[in-house]
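> One structure, as structure tokens, below. Some questions next.
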Amino acid sequence: MKQILLLLLIAPVLCFGQNLQKKILTIQKPSGWYSLGSNTEVIENIFRVLDNSTNAKRLAKDINERGEVLFSYSKYDLNTISGLSPTINVAVIKNNKLNFDQFKLYTKSKTVKELKGVSNNLNVHYTKERLFGEKLAIELHTSFNLDGYSERIRSWVYFIPINDIVYQLSFSDLQNDKCNDLYENIINGLK
């Protein structure tokens, strides 16, 4: 049986650091969801989703060499399902000394371009600023399809720059398996 994790298929936006100091942003695992963990599990699931394609190899390389996934949760047990599963992913990115406005422009152009490269029928619903407590963040909401899957994927990515660190929070679900109320509750609980 083919197990698939729905990931937001975005390569890192800025340069990651190999030995990036972990600054923990805590999101509790939702009740009934499954912990996935490290870069290794995320990379394995990218290959499951993209069937060992060139895009899968590029994304895996970006994450393996430059990324640091703090944690990842899946709505379903990937050992018992076939298909896509809603997910929550949190990674840490090293900010390359861009100010907020530069970072916002870079995120809009680079992220959308990379999403177009791995998805079909990409729709960018909006890119906007959002406050997390006192921290200004960038929110990107998209929907798209992947080759081989009929389900429409919906995603929300939040980039929260804090000094030399950027938290990347990614929430993905499906048009017919919506989790946006849960995701909004999680976002509203962050400070």
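The values are calculated or read from the model by the stated rules, or taken from the named source; none is laboratory data. A quick note: this is a predicted structure, and the numbers were derived from the prediction, not measured. Counting neighbours? That spans all protein chains shown, and the Cβs are built from the backbone with ideal geometry, glycine included.
> Given the options Phe16, Phe71, name the one that is within 14 Å of the chain's Cα centre (by Cα) and either at pLDDT 65 or above or closer than 18 Å to Asn163 by Cα (or both).
Unique residue meeting the criteria: Phe71.
> Hey, any hits in the stretch 118-127 for a residue that's among the small types (Gly, Ala, Ser) and closer than 23 Å to Val92 by Cα?
Within the stretch 118-127, none of the residues are among the small types (Gly, Ala, Ser) and closer than 23 Å to Val92 by Cα.
> Further question: Limited to the stretch 114-132, what total is found for residues that are surrounded by 15 or more Cβ atoms within 10 Å (Cβ to Cβ) and more than 20 Å from Tyr149 (Cβ to Cβ)?
Looking only at that region, the number is 2.
> Now for a different question. Residues of the stretch 166-185 being modelled with pLDDT of 90 or more and either in contact with a Leu (Cβ under 7 Å, 6 or more places away or on another chain) or of a type in the set (A, V, I, L, M, F, W, C) (or both), which ones?
Correct list: Leu169, Ser170, Phe171, Ser172, Leu174, Cys179, Leu182.
> Within the stretch 159-191, restricting attention to residues that are surrounded by 19 or more Cβ atoms within 10 Å (Cβ to Cβ) and touching an Asp or Glu at 6+ places or on another chain (Cβ under 7 Å), which residue is farthest from Arg130 (Cα to Cα)?
Checked the stretch 159-191; the qualifying residue farthest from Arg130 (Cα to Cα) is Leu174.
> Mind checking whether some residue in the stretch 99-118 is of a type in the set (Gly, Ala, Ser) and in contact with a strand residue (DSSP E or B) (Cβ under 6 Å, 6 or more places away or on another chain)?
no
> Among the listed residues Thr87, Thr111, Thr107, which satisfies the condition of being at pLDDT 90 or above, within 21 Å of Thr142 (Cβ to Cβ), crowded, with 18+ Cβ neighbours inside 10 Å and hydroxyl-bearing (Ser, Thr, Tyr)?
Thr87
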